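Quick note: the coordinates plus some simple rules give every number you see, no bench work behind them. Just so we're clear, the structure is a prediction, and the values are computed from it rather than from any experiment. Backbone-built Cβ (ideal geometry, glycine too); neighbour counts: all protein chains shown.
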Amino acid sequence: MGLADVKEKALTGLFWLSALMIVGVLVLIIGYIIVNGISAIDLKFILEPPSRAGKEGGISTTIVGTLYLTVVSLLLSVPVGVASAVYLEEYANPNSRFAYLVNLTAETMAGIPSIIFGLFGFVFFVIFLNMGWSVISGSLTLAIMILPTIMRTSQEAIKAVAPELRENSLALGASKWQTVQRIVLPSAVPGITTGIILSIGRAIGETAALILTAGSSLGMPINLSDPARSMAVHLYVLAMEGISMERAFGTACLLIVLIVILNFLANWSMRRLSRAAG
Amino acid sequence: MTSLNKNKVKIKSQDVEVFYNKFQALYEINMDVEENRVTALIGPSGCGKSTFLRTLNRLNELIPGTEVKGQVFLDGQPIYSRDVDVVALRKKVGMVFQKPSVFPMSIYDNVAYGPRIHGIKNKYDLDSIVHNSLQAANLWDEVSDRLHSPAARLSGGQQQRLVIARVLAVNPEVILMDEPASALDPISTSRLEALIAELKESYTIVIVTHNMQQAARVSDYTGFFLNGYLVEFNRTDELFVNPRDKRTEDYITGRFG
């Protein structure tokens with residue numbers, strides 16, 4: 001075996017090891033969380049509200065808080081994000097200053113750390129608009145945070161729709177809007193869904209921005225004006241304040257399960273939506 | 001030479017010039033397209049024949065920076081005028097593109113797309129439009145048992161006939177075809193040509209083609225384009241047998257292309 005051969009083999013092995021590490025890290029993290037958290041989870045943990053700052057009881061209010069915040073922020077950001085993507089890709093002149101400005105803004109926003117959004121949400125929604133620590137303040141902040149992701153992925157999805165389909169639709173006498181609504185958007189749904197799933201991941205795992213805007217009340221959030229603690233914030237508080245590591249891991253376990261469920265739901269509902277539109 | 005009665009002029013192109021930003025793609029095109037005839041547009045790539053076709057349903061204006069000068073008359077009415085409803089125009093002047101592009105939906109929904117856009121909701125009406133259009137496009141027998149399966153599963157030739165059915169469903173008067181056979185195999189092509197011969201009984205057809213034999217086979221009139229000019233326009237049998245212009249002769253005898 002020549003030197004070149006040895007080098008080739010060694011490199012291949014190195015690359016293989018790197019790839020293996022990715023899988024290894026994921027398995028390690030999830031495994032660690034499950035091993036440490038599974039014992040904390042039972043029906044009571046899921047269904048009962050926390051007591052004694054989370055030392056006892058379950059985490060039901062934080063599950064509701066998480067879902068509440070995520071769903072409201074998606075309801076706010078998906079329509080705006082998809083609409084601006086449609087505007088930029090279908091209506092705006094791609095060389096216009098306004099289109100350039102919007103694209104630049106979205107790119108810049110995507111790179112801003114979440115704590116900055118939190119600080120803005122705190123000053124603007126919580127204090128200036130007097131919304132207080134609440135589901136609505138938190139959701140608005142999350143919505144702003146995930147808006148660039150939704151817009152960007154929707155833009156890519158719309159761009160990927162074959163231009164011939166648009167031409168054919170227009171040549172049949174369809175208006176621009178009819179073409180967008182009946183041809184472009186249904187075809188773009190899978191891509192838009194990907195953006196929504198990425199956003200769910202970001203929203204659900206967000207802590208910094210939410211502590212500042214939704215508060216960390218352990219009560220059950222009912223109204224939009226109620227404060228809420230999300231699971232990620234709960235996990236952070238439990239671990240940081242040394243309340244209960246076991247419960248922190250239990251929360252983490254359920255958080256992962258919740259992300260999987262929400263991703264599945266997003267996929268399913270978008271598929272239905274596209275079928276209804278087509 | 002067979003006799004060919006003069007039919008009513010359906011489309012009249014008057015001094016049409018097209019610019020893409022600074023580039024001039026067409027120069028002073030004057031052409032009368034007769035009703036219920038097949039008019040073929042031939043010429044080498046980039047000669048302006050497709051550009052001209054797209055002026056007839058105002059599809060050129062989708063490309064930013066396009067400017068059209070001159071006028072096109074449909075049944076004597078100008079189509080480049082501020083009060084023209086482009087949607088109504090495109091309903092009357094349908095178009096079949098080079099690559100058959102079916103919408104990502106069922107066969108039925110593809111054909112019903114146009115009628116639905118134009119406000120037909122009644123299921124009975126839609127059923128009969130879909131049936132008649134597919135029949136007219138010679139596709140009904142092949143798909144009648146799977147109208148609700150995805151159109152993308154059809155073969156290339158079937159897809160092109162589906163696209164034609166989709167155009168027919170809007171009930172146009174003119175059908176523009178932009179190299180409709182270029183992506184088809186020989187058998188599908190000959191079926192398409194037979195279909196064109198049937199369709200001209202009821203429609204006025206303008207077809208852009210790369211293939212001179214095809215132009216000779218299917219058309220009544222032929223226009224030869226070169227570098228943005230309409231070099232020669234005549235009855236197909238005249239043009240191919242007795243070209244008046246040297247350049248036409250060179251092109252149809254294959255001296256360049």
Helix B:123-136: inclination vs chain B longest Cα principal axis, degrees, rounded to 10, gives 50 degrees
Subset of B:LYS22/B:LYS92; B:LYS91/B:LYS121; A:LYS159/B:LYS49; B:LYS10/B:LYS91 violating a 20 Å alpha-carbon distance limit: B:LYS22/B:LYS92; A:LYS159/B:LYS49
Between A:ALA160 and A:GLU246, what is the label-point separation in nm under the 7 Å Cα-to-beta-carbon projection? 4.6 nm
Compare the peptides B:123-131, B:155-163 by average per-residue count of other Cβ atoms within 10 angstrom and give them in order, highest first. B:155-163, B:123-131
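On average, how much area does the Cα convex hull of region A:137-273 cover when viewed from any direction, in nm²?
Details: hull surface 39.6 nm².
Average of the hull's projected areas for region A:137-273 equals 9.9 nm².
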Among B:THR253, B:VAL102, B:SER190, whose Cα projects farthest towards the positive end of the dipole of the protein assembly as shown, with charges put on the beta-carbon of Lys, Arg (+1) and Asp, Glu (-1)? B:VAL102
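Quote to one decimal, in nm, the extra length available between A:SER269 and A:PHE128 on full extension: 0.36 nm per residue of separation minus the C-alpha distance between them.
47.1 nm
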Rounded to the nearest 500, what is the protein assembly as shown's calculated 222 nm mean residue ellipticity when only DSSP H runs of at least 4 contribute -39500 (n - 2.57) each, over all residues? -17000 deg cm²/dmol
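Of all trypsin sites (Lys or Arg not before Pro) in region A:1-94, which ones are in loop regions per DSSP and have a Cβ with at most 14 other Cβ atoms within 10 Å?
On the way: sites: A:LYS7, A:LYS9, A:LYS44, A:ARG52, A:LYS55; in loops: A:LYS55.
Those that pass, being in a loop and sparsely packed, are A:LYS55.
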With labels modelled as points extended 7 Å from the Cα through the Cβ direction, what inter-label distance (nm, one decimal) is found for A:ALA83 paired with A:GLU107? 2.6 nm
At 7 Å along the Cα-to-beta-carbon direction for both A:LEU14 and A:ILE29, put a label point, then send me their distance in nm to one decimal. 2.6 nm
Sites A:LEU198 and B:GLN77 - FRET efficiency at Förster radius 51 Å, r taken between beta-carbons, to 0.05: 0.45
Among B:ASN36, B:ASN211, B:ASN171, which one moves the most in a GNM of chain B with springs linking Cα atoms closer than 10 Å? B:ASN211
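Mind giving me the FRET efficiency for A:ARG52 and A:ILE116? R0 is 25 Å, r the Cβ-Cβ distance, nearest 0.05 is fine.
Calculated transfer efficiency: 0.15.
Using R₀ = 51 Å, calculate the FRET efficiency as 1/(1 + (r/R₀)^6) where r is the Cβ-Cβ separation of B:ASP250 and B:ASN132; round to 0.05. Let's see the in-between values first.
Numbers: r = 45 Å, r/R0 = 0.88.
Once the sixth-power term is evaluated, E becomes 0.70.
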Relative packing of peptides A:196-205, A:131-140, A:218-227 - highest average C-beta neighbours within 10 Å first: A:131-140, A:196-205, A:218-227
